[in-house]
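This report refers to the structure that appears directly beneath it.
Please treat every number below as a calculation from the coordinates, not as lab data. Just so you know, these numbers come straight off a predicted model, no measurement behind them. Glycine gets a Cβ as well: all are built from the backbone with ideal geometry, and neighbour counts include every protein chain shown.
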Amino acid sequence: MLWLPLASLLSFGFGQLFKWSQRRGCHAPTVVSTNYIVLSSALALALGSQGNLQVTDTALLVGACMGVSFIVSMWTMTRALERAPVSIVLTSFRLAILVPVVASVALWGESLSLLQSAGIVLALTGVALTTQTSTPHKYSGIWALLAAAVVVFLTQGMSQVCLRWVHYAGLDAQHLVVLMICAAVAGGIGSGIVVLGPHRPQARDLAMGSAIGLYNLLALAVLLTALSQLEGTRFFPAHGCLVVILDGLFAHFIWREPLGRLATLGICISAASILLVL
């Protein structure tokens, strides 16, 4: 059970590092791409030096799918934030925990009790409430908002399904190899997007991306270890709620962002849902 809070804490830390990089004016696509390239390179050097750099067909398939889903999820969320209110985008992003839960039951036959189902409903309610904001945003029409919400929900959800797939593909012992392939694919696609774009990478973007990449290596390795020991129906709702709680408290007390009544209620509901899910 220790792996769940540790994975949640590291996931929370990754989000805070990325938020800090944005506050420093770093170029997000460059930071994300550099993060994946450094992660992949570090793993390739470590595995190669230990003689464990053996890539099976299954690891290549799962890793490549993960890499594509990761970079597509990040790119669609970034684009959605340019076109829709932050509250809608973040709500869709966080509610995406429902996708791997459904996949865990439908594809891999995991069990889901009535109490856990109630906990998941509470979890979805809690994470939705924590992202409500009155921040104004100019956008074009309800259909544009709906499209943005659905795309973010599905792409983020699929990236989490791929994380769960590692265990059921029998790759727990090779999860570092899978991560290396995932990061190489995501970094390659992301770098292509950056190169074709108008922005030219700056030294601070590369430095920040490199630091986040080394941190992300540890965060994803711990997350996959946690998923190898916990059912997805338990892990994803609890993990999502723990991260939401930490995000809300950190934003209020460290970033000095106001925490409204709905967000406070959402944090309380999220905390209660964890007890039911587990």
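In plain terms, the residue of LEU206, LEU265 with the fewest other Cβ atoms within 10 Å comes first and the most crowded comes last, giving LEU265, LEU206.
What area, in nm² and to one decimal, does the C-alpha convex hull of segment 18-78 cast on average over all directions?
4.9
In this simple spin-label approximation, LEU53 and GLN16 carry label points 7 Å from Cα along the Cα→Cβ vector, and these lie 3.5 nm apart. Restricting the calculation to Cα atoms, every distinct pair contributes to the Kirkwood radius of the chain, found to be 19.2 Å. Here the scattering of segment 40-186 is modelled by Debye summation over its C-alpha atoms, one equal scatterer each and no solvent; at q = 0.12, 0.16, 0.19 Å⁻¹ the log10 of I(q)/I(0) is -0.62, -0.93, -1.09. Ordering GLU82, GLU231, GLU257 by the number of other Cβ atoms within 10 Å of each residue's own Cβ, fewest first, gives GLU82, GLU257, GLU231. Hydrophobic, long helices, defined as DSSP H runs whose alpha-carbon span along the helix axis is 15 Å or greater and whose mean Kyte-Doolittle value is at least -1.0, occur in the chain at 3-23, 28-49, 57-81, 114-130, 141-168, 175-196, 203-229, 232-253, 261-277. Calculated mean residue ellipticity, 222 nm, the chain: -27000 deg cm²/dmol, from DSSP H runs (n ≥ 4) at -39500 (n - 2.57) each, averaged per residue and rounded to 500. Count Lys and Arg as plus one, Asp and Glu as minus one, and take only other residues whose Cβ is under 11 Å from that of ALA103; the net charge is then 0. Rounded to the nearest 20, the Cβ-based charge dipole of the chain about its Cα centre (Lys and Arg +1, Asp and Glu -1) stands at 780 debye.
Report the convex hull volume per residue for segment 120-278, counting only C-alpha atoms, in Å³. Numbers along the way, then the final one.
On the way: hull volume 26.6 nm³, N = 159.
In segment 120-278, the Cα hull volume divided by residue count equals 167 Å³.
The label-point distance for LEU114 and LEU259, in a model that sets each label 7 Å from Cα toward Cβ, rounds to 3.4 nm.
Extent along the principal axes, Cα only, for segment 211-278: 37, 35, 11 Å, with the longest axis given first.
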